[in-house]
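What follows is a single structure, written as structure tokens, with notes after it.
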Amino acid sequence: MHVLVTGGAGFIGSHTVVALLERGHQVTIVDDFENSSPRVIDRIEQVTGIRPGFVEIDLLDEPGFRAAFGSIAPDAVTHFAGLKAVGESVADPLRYYAHNLGTTFSLLNAMKAHDTKALVFSSSATVYGHEQQPPYVEDAAALTATSPYGMSKVMLERILTDVADAEPGWHIALLRYFNPVGAHESGLIGEAPLGAPDNLAPYIVQVALGRRPHVRVFGDDYPTKDGTGERDYIHVVDLAAGHVAALEKLADVTGARAWNLGTGRGTSVTQLLAAFEAATGRAIPAVVAPRRSGDVPRSWADTTRAEAELGWSPTRGVAEMARDAWRWQQQNPNGYAADDCVS
Ligand code: UD1
């Protein structure tokens, strides 16, 4: 099928484009490169031997996007585009709500206008909020989140569900990602955060490179296996495969349905540090710092539904995630900032 991928030059989007091309699907990326680089397109071609279609446009340019959508005429859409920095969203909620909701409205209007009603949406485990206990089950309780970023995902899940309930013909997958880590095994595509990373794995990598002095461990007195926060880290290549599985099952989905994409296992900050020390062969200094506001102690997925209904389960563990993230970083010390890949 022909899949339009919004945000296809981003971290998860680019890995999903590779997975789609490798399964024989046709892909057109729509991206404005606000938080990514056009070099990603060349790298995708290097990995797969296929150059995906590509349109540079801001989804908020609604008439322009609608016209582009009509020319692309996709069978389905995977929607990655959006703002995702939790701290920034707390500081500037209006920008986050306006952007994440506005881009999705523009997309939905274009899809409606062209009668394309198959959509895979990037949601997040953040929608389980603070009250639920892991393993998180998709329909166990009402969704909530502690940041405007997270609430934009809660709201969009609701909006997409209402749209699908109101009008027959929609097939919508709401994919709740746990914590994506790693990079493509080729070392050609990976995560390229601008500035100081917020997330643990990219921060660890920068410390391993000697670019930052130490990792701050946000709290060592949580009620967890070793006192540090536990998360469900998932290899980005497994996550990408989850999107292909969801897309290929979409025709069987009536309305909107949520799936967790995680491994079902919790890994502590200390354990992730150890995995990176093993993968890099370097000591990674860490100092204990106060808890970070908004963090939950423990988070991991119940994977029953994704396994049963999508026929998908991740195969890579934290050792592979650390190995592949490190390979990517070593081959591309400046991310995509210069074409300096040393593979
Ligand atoms: C965060 C976001 C979540 C978002 C996800 C995207 C928050 C509260 N949540 O998830 O909404 O969907 O990123 O991947 O920001 N840690 C350290 N030192 C660091 C960084 C993190 O000890 O420098 C710890 C955290 O306390 C946590 C774990 O590492 O226990 C993972 O943190 P992080 O990678 O930021 O992911 P989440 O907080 O789970």
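The values are calculated or read from the model by the stated rules, or taken from the named source; none is laboratory data. The structure displayed is predicted, hence computed values, not measured ones. Neighbour counts run over all protein chains shown; Cβ positions are idealised from the backbone, glycine included. We work out accessible area using only protein heavy atoms, side chains counted, and drop any ligands, DNA or RNA first. Shrake-Rupley method; radii C 1.70, N 1.55, O 1.52, S 1.80 Å.
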For Gln271, what is the net charge nearby, where nearby means another residue's Cβ is under 11 Å from its Cβ and Lys, Arg count +1, Asp, Glu -1? 0
Acute angle (nearest 10 degrees) that the helix 11-22 long axis makes with the longest principal axis of the chain, alpha-carbon atoms: 60 degrees
In degrees from 0 to 90, rounded to the nearest 10, what is the angle of the helix 236-249 Cα long axis to the longest principal axis of the chain? 30 degrees
Among Pro202, Pro135, Pro168, determine the one that fluctuates most according to a GNM of the chain built with springs between C-alpha atoms less than 10 Å apart. Pro168
Considering the Cα positions of the range 224-313, please state its Rg to one decimal place and its Dmax as a whole number of Å. 16.6, 50
Using a 1.4 Å probe on heavy atoms of the protein chains only, the accessible area for Lys249 in Å², nearest 10, reads 70 Å²
Compute the signed sum of charges (Lys and Arg +1, Asp and Glu -1) over the other residues within less than 14 Å, Cβ to Cβ, of Ser186. -3
Say each of Ala73 and Lys112 gets a label point 7 Å from the Cα, pointing the same way as Cα to Cβ; how far apart are those two points in nm? 2.3 nm
Among Val217, Val287, Pro168, the residue whose Cα sits farthest towards the positive end of the charge dipole of the chain, when +1 is placed on the Cβ of each Lys and Arg and -1 on the Cβ of each Asp and Glu, is Val287
Picking from Gly210, Gly317, Gly53, which is most flexible by a Gaussian network model of the chain using Cα springs under 10 Å? Gly210
Cα-centred dipole magnitude for the range 92-178, charges only on beta-carbon of K, R (+1) and D, E (-1), debye, nearest 20: 240 debye
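What net charge do the residues around Arg66 carry, taking every other residue with its C-beta under 15 Å from that of Arg66, with Lys and Arg at +1 and Asp and Glu at -1? Each step should come with its number before you reach the end.
Values: positive: Lys112; negative: Asp58, Asp61, Glu62, Asp115.
Net of charged neighbours comes to -3.
If you keep only loop residues by DSSP, which GluC sites (Glu not before Pro) in the range 1-74 have at most 14 other Cβ atoms within 10 Å of their Cβ?
Values: sites: Glu22, Glu34, Glu45, Glu56; in loops: Glu34.
The qualifying sites are Glu34.
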When the charge dipole of the range 244-343 is computed with +1 on Lys and Arg Cβ and -1 on Asp and Glu Cβ about the Cα centre, the Cα farthest towards its positive end, among Leu273, Ala246, Ala258, belongs to Leu273
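Using a 1.4 angstrom probe on the protein heavy atoms only, line up Glu277, Glu167 by accessible area, largest first.
On the way: Glu277 70, Glu167 45 Å².
Largest accessible area first, the list is Glu277, Glu167.
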Among the lysines, which have Cα under 22 Å from the Cα of Lys112 when same-chain residues fewer than 8 positions away are ignored? Lys153, Lys249
Scattering profile of the chain at q = 0.10, 0.11, 0.16 Å⁻¹ [log10 I(q)/I(0), Debye over alpha-carbon scatterers]: -0.56, -0.69, -1.56
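So with the 1.4 Å probe, I'd like the accessible area per residue for the chain, rounded to whole Å².
On the way: 13990 Å² over 343 residues.
Here the residues of the chain average 41 Å² of exposed surface.
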How much solvent-accessible surface does His214 expose, in Å² to the nearest 10, with a 1.4 Å probe and all protein chains in place? 60 Å²
Candidates Gln46, Gln26, Gln329: whichever shows maximal mean-square fluctuation once the chain is modelled as a Gaussian network with Cα springs under 10 Å: Gln46
Between Asp198 and Val287, what is 0.36 nm times their sequence separation minus the Cα-Cα distance? Round to one decimal in nm. 30.4 nm
How far is helix 269-280 tilted off the main Cα axis of the chain, in degrees rounded to 10, range 0 to 90? 90 degrees
With all protein chains present, the range 273-343 has a carbon and sulfur share of its accessible area (1.4 Å probe) in percent of 49 percent
